[in-house]
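Note sheet for the following structure.
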Amino acid sequence: MAWSAPMTAVAGATFTAAQFNQYVRDNLNQTAPALASAASQIFVSTGPNALAARVPSTASVSTTQTTTSTSYVDLTTPGPAITVTTGTIAIALYNISTSNSATNSATYSSVAVSGASSVVASDAWSLLFDGNASTNFNRCGAAHVFTGLTPGSNTFTLKYKVGSGTGSFSNREINIIPL
Amino acid sequence: MAWTAPMTAIAGSVFTASQFNTFIRDNFNECPTSKASTPGSYFVTTATNQVQERFAGSDYVATSSSTTSTAGADLTTPVSVGPTVTVDTAVRAFVFLYCNMTNTAAAGTWMSYDVSGATTFTNSLSTSIQLSNIGGQRIGGVILHDNLTPGVNTFTAKYHVSSGTGTFSDRRLAVLPF
């Protein structure tokens, strides 16, 4: 049952079983301990007086794979990708090791969202390396807060492209904090 | 006392002191409001029906120090350990790494971390940030470490190169435990 704003007791009135069940039992069942179902969950609001447990999640692909595409695509092994239940907001944190066959040529990694929502990968939240010597690998991370998601099951997938040359991508990791 | 699924009251029955203590007192004492002790903490689950207060940790070492080690190790020139963060965790924690890195050669330089305490974990390429550039650049990354042993865990930055001499400064490590 949903949360009910706790009643105000009145001196001399009878506290009934129905009131106990509504204001004590059912409200306690909406608190964090009652909703905790496994370790390492966090709690977020899903609306007024409503909580849900969420699980920060991670996925990775270690294999080094390449692309020459100048628009965002999957590599031979797509992803990594994470499917989680979210509200309207999710935080994506991603790390990739990249290099390019050509000197001073860019490699891009970004995140697309599918499922309940549809968001294409964009330069606006890409992890970009450029201006490096050819075949030199660099690994760092980026973060993006997705807002305006459609609540429900959403899949977050890393996508890749280059400015030119052949981009190599390895130790690809994506982490999602669903809110 | 642990959480107990709230009883269902029955009209006409007596509500005892024991029931109050079990289903109201003890259950409220398991809620975040009761457990909140310090500003800036947050709450996570540690198991079914169990929540615990957590604190993020951060450490910063400004010192510029170098290494020629080709396996993750403390910096040696001058000797400079860390940064180091010790926090109470369950199985997951976000680890934030940031560092300014340069190399005397156009070779790889890495910053990663070891975990000690409840967990024993040795730094790896998949839990690192890396530059292959002579010129110094400051970069960062966030790793979700998801196979910790619950308990008190210490995260210590470690460094290595593929060749040449790597120099590391403005070193920061933060941990957000779950």
Worksheet item: Can you pull out the residues in the stretch A:153-179 that are more than 25 Å from residue A:89 (Cβ to Cβ) and among the basic types (Lys, Arg)?
Response: A:161
Response to the item:
Every listed condition ((1) surrounded by 14 or more Cβ atoms within 10 Å (Cβ to Cβ); (2) within 9 Å of another protein chain (Cβ to nearest Cβ); (3) out of contact with any Asp or Glu (no Cβ under 9 Å at 6 or more places or on another chain); (4) in a loop (DSSP other than H, G, I, E, B)) holds for residue B:24 save (4)
Worksheet item: Among B:86, B:127, B:119, which is surrounded by 21 or more Cβ atoms within 10 Å (Cβ to Cβ) and within 16 Å of the chain's Cα centre (by Cα)?
Response: B:127
Discussion item. Exactly one condition in (1) assigned to a loop (DSSP other than H, G, I, E, B); (2) more than 30 Å from residue B:55 (Cα to Cα); (3) under 15 Å from the mean Cα position of the chain (by Cα) is false for residue A:104; which is it?
Written reply: (3)
Worksheet item: Name the pairs: first residue in the stretch B:37-53 and outside any strand (DSSP E or B), second residue among the small types (Gly, Ala, Ser), Cβ to Cβ under 7 Å, at least 6 apart or on different chains?
Response: B:48/A:36; B:48/A:37; B:48/A:38; B:49/A:34; B:49/A:36
Worksheet item: For residue B:126, which of the numbered conditions (1) of a type in the set (S, T, N, Q); (2) part of a strand (DSSP E or B); (3) within 14 Å of chain A (Cβ to nearest Cβ) fails to hold?
Response: (2)
Discussion item. Testing residue B:151 on (1) at the interface with another protein chain (Cβ under 8 Å from one of its Cβ atoms); (2) surrounded by fewer than 23 Cβ atoms within 10 Å (Cβ to Cβ), one condition comes back false. Which one is that?
Written reply: (1)
Discussion item. Being closer than 25 Å to residue A:24 by Cβ and either under 18 Å from the mean Cα position of the chain (by Cα) or open to solvent by 40 Å² or more (accessible area, probe 1.4 Å) (or both): is that true of residue B:34 here?
Written reply: yes
Fill in: Residues of the stretch B:89-101 classified as buried (at least 20 other Cβ atoms within 10 Å of the Cβ) and either more than 26 Å from residue B:47 (Cα to Cα) or among the β-branched types (Val, Ile, Thr) (or both), total
6
Worksheet item: When the stretch A:91-105 is examined, which residues are found to be open to solvent by less than 40 Å² (accessible area, probe 1.4 Å) and under 24 Å from residue B:128 (Cβ atoms)?
Response: A:92, A:93, A:94, A:95, A:96, A:97, A:98, A:99, A:100, A:105
Worksheet entry | Selected residue [out of contact with any Leu (no Cβ under 8 Å at 6 or more places or on another chain) and either modelled with pLDDT of 95 or more or open to solvent by less than 40 Å² (accessible area, probe 1.4 Å) (or both)] from A:117, A:170 | A:170
Discussion item. From the list B:102, B:86, B:63, B:76, exactly one residue is part of a loop (DSSP other than H, G, I, E, B) and more than 10 Å from chain A (Cβ to nearest Cβ). Which is it?
Written reply: B:63
Worksheet entry | Residues being at the interface with chain B (Cβ under 7 Å from one of its Cβ atoms) and free of Cβ contacts under 8 Å to residues at least 40 places away in the same chain - total across the stretch A:19-42 | 16
Discussion item. So, in the stretch B:1-21, exactly how many residues are in a loop (DSSP other than H, G, I, E, B), surrounded by 12 or more Cβ atoms within 10 Å (Cβ to Cβ) and more than 39 Å from the chain's Cα centre (by Cα)?
Written reply: 2
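The values are calculated or read from the model by the stated rules, or taken from the named source; none is laboratory data. Predicted model only: the values in this text are computed from it and were never measured. Because the Cβ atoms are built from the backbone with ideal geometry, glycine has one as well, and the counts that use them run over all protein chains shown. Just the protein is used for accessible areas: all its heavy atoms, side chains included, with ligands, DNA and RNA removed. Shrake-Rupley method; radii C 1.70, N 1.55, O 1.52, S 1.80 Å.
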